[in-house]
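Any read-out appearing in this document is the output of simple, stated calculations on the displayed coordinates, not a laboratory observation. Everything numeric here is computed off the predicted structure, so don't read it as measured data. We place every Cβ from the backbone using ideal geometry, glycine too, and count neighbours over all the protein chains shown.
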Amino acid sequence: MASTSRFKLSRGLLLLPVLALGLGGVLFASAAAASPVYQANATPQATPTFDPKRLEPPPTNNPPGQADKGALQYWGMCMSCHGDRGQGLTDEWLASFPAEERDCWQSGCHGKDYSQNSFELPVQSGIPAIAGAGKLGRFENALQLNQYILESMPWWNPGSLETQEAWAVTAYTLKLNGNLPLGISLSETNAAAIPVHRSVTAPPSEWPGALALAALLGLAAVGIMKQSRQNTLSALPKPNFVHHLHPPSIPAAQARFRYTLGAGGLAVFFSLTLFVTGLLEMYYYVPSPERAAISIEIITTLVPYGNLVRNLHYWSAQALVLVTMLHLLRVVLTGAYAPPRRFNYLLGLGLLTLILLLDFTGYLLRWDEGIRWALVVGVNLLKTFPLVGERFYQFILGGTQPGAAALTRFYAWHVLGLTGCAILLIIWHLFRVRRDGGIAVPPPDERADKSRITRFELVRREVAVIAVASAGLLLFSLLLPAPLAQPLSDNALVLGDSRAPWFFLWIQKMLQWGNPFLWGVLTPLLVVIALGLLPYLLPNAQPGELGRWFPRGNRLAQALALLIVTAILFLTVLGAFPH
Amino acid sequence: MATRNSQDPNRLYADRRNFLKLTTNALFGLAGLLGLGGLVRFLGYPTEPAPQTEFDLGPAANFPPGSRTVRADIPVVIYNTDGVFTAYSLICTHLGCTVEADGQGFACPCHGSRFEQDGAVLQGPAKQPLRPLRVEALEDGRLKLFTQEEADI
């Protein structure tokens, strides 16, 4: 009997995280498959007759930025061949030349027998364009482009550019291509992370390190499980700190995996993972509009194991949303929120709300093209509050449009404000679990059973679940990278995808029905309030029914919760496939 | 056990205790409200500069008669109808995404609103038409756009 239940337990242990992560995977695979499509920036149309104004020196800003200096260099050295728009030596550009100078390769000009003060242009086929879709194909990133410019340009006097001049020309070239992040100054420390095209270089392989880590952790987990198993109540060793965080012993019937699903424990584990990986990301992340996306690009492509750290953070966050929802559903479907656990249920609901806000602010920290519309819609929803809307917007964003102040605030909320509240609530939630009499009431027929399990056994079980969850997390992090697009720019027409993050797709779908305040603010709020009122307004499960799934007493609440979850899932699917 | 006699010392103590508890709670409550009010004012200070509201669109000659020009960075669409310049904001009136050209009209990528060429709503959820903006041909032949001011059309 004991062995079969242990078998079921271990099988269940394996299933849950796989299921939870699998569900997330399906959601994200679909999101990744339809990931943003980048269109080339529309090249300005040629004017019918050549406008001499195009030959004027570029306007200079005061003080000039790197790209402004580059524009001046380009105008002086590069423009006559590569064109005023980087179009290369096209017929349209040749039209700007005096009629007698339009054949560059004619005898005495830039042909084989070039004149004394001139030089030979070897490429009769044409001077390449340096801006537009598919151009500069051989350079992966700004570092390579700069290297080439430094060594090979200008054509008649290669190597004559000073280092700073070359960087300026590189910056201007990127700007012509619409790929220069706002306000950045190119240099050796960042150029390798700034792509000339939107094709992210594959991050260095993190498999060996990650697998070694997984193997070591796995062995350690086995060690802990073996260790704890030897304990009997008669000869208990001294508890270590982790053991000490648990009650000395709990009734065996309370810790049934088929009842708890381990969802709450997993949520704590994912929260800890998020805390640690988030802390590591903070060493590199720069919360400024110009550098945010670039700093993430640096984390994912250049920093050793940076990609792994970021992906672990990302996948833990997605998994956390899923297991918290599962946890909520479990509590409702078992009627476990009946008094005295009503208050702790509210704390849990508060935590779920905080987690969604943390996910959303974390998502915004990317500050790349992928978040553009979610940012616009999310903050504009604040404006829809009657009477106080504008002030509320300013209160959250620190300005009248999303900019540096808003990013600083989202960062502060994400890493400290919301995280601090979440930590407090988690501790309170765990404290209330113990004060309210443990994780669950055993079912009536097992309440007489006085057998208890020690904290050593409890930790052993937790380690087992954590080991499986870690394996899933590592696997997802290695196989499916977290999304990142090009830095948010001024040009609003570069992106095709306009979907909200997956956990808000249902709200985005509802927003199509009209009134933004009603569907974007009031309805989600009502969903949370309705869930919060379940134990207070609807009949609760009777004490005699607790400890089992689907007690009769709170069937109404179960039906309501399932209805809400089904509706949200349905809307999410609709929102995921907008066309 | 408490008698109704107001001279009963136990009763007096109880009253005193209750009174003290009530006042301290009230004081804490007031302090909390005051702190909250301070926090709201603290966080309400706008450090972000106000967005640009006047744009130089360049020579009017770049907008020949019959042309329709989209400036996605502002974002705005400028028409030249037989020498008369009109401009419409491309910010969706529903929740502020930038609408994209869709045939003759415009479509919003976020929630599917669609607008006619002249900004009129073709399909919700947006209820208001795209904002017509004041655009002016200056004496030096350049066009100037005012995103704060609505044109009367």
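The mean number of partner chain beta-carbon atoms within 10 angstrom of a residue's beta-carbon across peptide B:89-96 is 5.
Among the listed pairs A:LYS175/A:LYS383; A:LYS226/A:LYS450; A:LYS383/A:LYS509; A:LYS69/B:LYS144; A:LYS135/B:LYS144, which have their C-alpha atoms separated by more than 22 angstrom in this model?
Working: A:LYS175/A:LYS383 34 Å; A:LYS226/A:LYS450 25 Å; A:LYS383/A:LYS509 19 Å; A:LYS69/B:LYS144 27 Å; A:LYS135/B:LYS144 34 Å.
Checking Cα-Cα distances, A:LYS175/A:LYS383; A:LYS226/A:LYS450; A:LYS69/B:LYS144; A:LYS135/B:LYS144 exceed 22 Å.
Taking 25 Å as R0, compute the FRET efficiency from the Cβ-Cβ separation of A:LEU563 and A:ARG391 and round it to 0.05. So, using R0 = 25 Å, E works out to roughly 0.10. Only one residue of B:ALA87, B:ASN10, B:VAL40 has its Cα farthest out toward the positive end of the dipole of the range B:5-153, where Lys and Arg carry +1 and Asp and Glu -1 on Cβ, and that residue is B:ASN10. With Cα atoms as the point set, chain B shows a radius of gyration and Dmax of 30.6, 97 Å.
If I take R0 = 60 Å and measure r between the Cβ atoms of A:ASP449 and A:VAL286 in this structure, what FRET efficiency does the formula 1/(1 + (r/R0)^6) give, to the nearest 0.05?
On the way: r = 57 Å, r/R0 = 0.95.
Working from the Cβ atoms, E equals 0.55.
Per-residue shielding of B:64-73, expressed as the average number of other chain Cβ atoms within 10 Å of the residue Cβ, stands at 2.
Taking every residue in B:45-53 and counting other chain Cβ atoms within 10 Å of its Cβ, the average works out to 5.
Using a cut-off of 13 Å between beta-carbons, work out the net charge of the residues near A:GLN558 (Lys and Arg +1, Asp and Glu -1, A:GLN558 not included).
Details: positive: A:ARG330, A:ARG548, A:ARG552, A:ARG555; negative: A:GLU545.
Net local charge, A:GLN558 excluded: +3.
In percent, what relative contact order does chain B have, based on Cα pairs under 8 Å that are 6 or more apart in sequence? Write down the numbers at each step before the final one.
Numbers: 224 pairs, mean separation 26.5, N = 153.
Reported as a whole number, the value is 17 percent.
Highest mean first, the peptides A:385-396, B:30-41 sorted by other C-beta atoms within 10 Å per residue fall in the order A:385-396, B:30-41.
For the range A:304-407, the ratio of Cα radius of gyration to the globular rule of thumb 2.2 N^0.38 Å stands at 1.37.
For A:THR408 and A:LEU480, what does the FRET efficiency come to when R0 = 30 Å and r is the distance between their Cβ atoms, rounded to the nearest 0.05?
E(calc), rounded to 0.05, equals 0.50.
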